[in-house]
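The values are calculated or read from the model by the stated rules, or taken from the named source; none is laboratory data. As the structure is a computational prediction, the values presented were derived from the model and not from experiment. Methodologically, a virtual Cβ is constructed for each residue, glycine included, from the backbone with ideal geometry; neighbour enumeration extends over all protein chains shown.
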Amino acid sequence: MDIKNIVFDFGGVLVDWNPRYLYKKLFEDEAQMESFLQNVCTPDWNEQQDAGRPLKEATESLVEQFPEHETMIRVFYDRWEEMIKSDIAANVSVLYQLKDKYRLFGLSNWSGETFPTAFNRYPFFGEFEGIVISGDEKMKKPDKEIYKLLLNRYQLQAESSVFIDDNAENIKVAQELGFGTVHINNATDLKLELVNMNLLES
């Protein structure tokens, strides 16, 4: 496998984002917080913004549906930046080790309205030759079309690329398209995974 390109997902791979970092400050009862995040500001609702729905439209629609939760709904995007705890230092370190040997790209499900906040906070985003953000493209992983968009836009071959993501379904689709893959979870040592693939030296 002659790998020339490394493609990173961002959330859960390079950036530690979780709405609980904000809502733990706002809910005194953890069970109530979890109920709110599972039934009101749900992952499915948030993912619609990743697919390009405007934040204002998403917020107003939810307030109309759950008027009793209006205050908590509005802070989701008003204080969204507080949901980013930090970068994921170990993986960012690997990114810098890769940059002189491979072309680096980003492919991330992220609202086009909130991504600039993260981009401006972390200098490592400047190392990417190209970044595809789902919210800007109005499509998101695991739709094969957004992977193909990345490949076509930057003239890449999937077989010459490794894709790194924390979502198993996204990894599965990347494999179907011919990418080499690394599936990130809490136990993953990204550098070790890449050493084992002969892409980095130990």
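Exactly one residue out of TYR122, TYR96 is aromatic (Phe, Trp, Tyr), assigned by TED's automatic domain parsing to the domain that holds VAL162 and surrounded by 13 or more Cβ atoms within 10 Å (Cβ to Cβ), and it is TYR122. Can you name the residue in the range 128-155 that is among the hydroxyl-bearing types (Ser, Thr, Tyr) and surrounded by 18 or more Cβ atoms within 10 Å (Cβ to Cβ) and, of all such residues, is farthest from the chain's Cα centre (by Cα)? The extreme case among them is TYR147. PHE105 falls short of the stated requirement of being more than 23 Å from ASP189 (Cβ to Cβ), under 22 Å from the mean Cα position of the chain (by Cα), assigned by TED's automatic domain parsing to the domain that holds ASN185 and buried (at least 20 other Cβ atoms within 10 Å of the Cβ). Counting only strands (runs of 3 or more DSSP E) that sit wholly inside the range 1-87, those with at least 1 residues that are surrounded by 18 or more Cβ atoms within 10 Å (Cβ to Cβ) and not hydrophobic (A, V, I, L, M, F, W, C) are 5-8, 84-87.
The set of residues from the range 178-202 being buried (at least 17 other Cβ atoms within 10 Å of the Cβ), touching a residue at least 12 places away in the same chain (Cβ under 8 Å) and of a type outside the set (Phe, Trp, Tyr) comprises GLY180, THR181, VAL182, HIS183, ILE184, LEU190, LYS191, LEU194, LEU199, LEU200. Inside the range 23-72, can you point out the residues that are farther than 17 Å from GLU113 by Cα and aliphatic (A, V, I, L, M)? Matches in the range 23-72: LEU26, ALA31, MET33, LEU37, VAL40, LEU62, VAL63, MET72.
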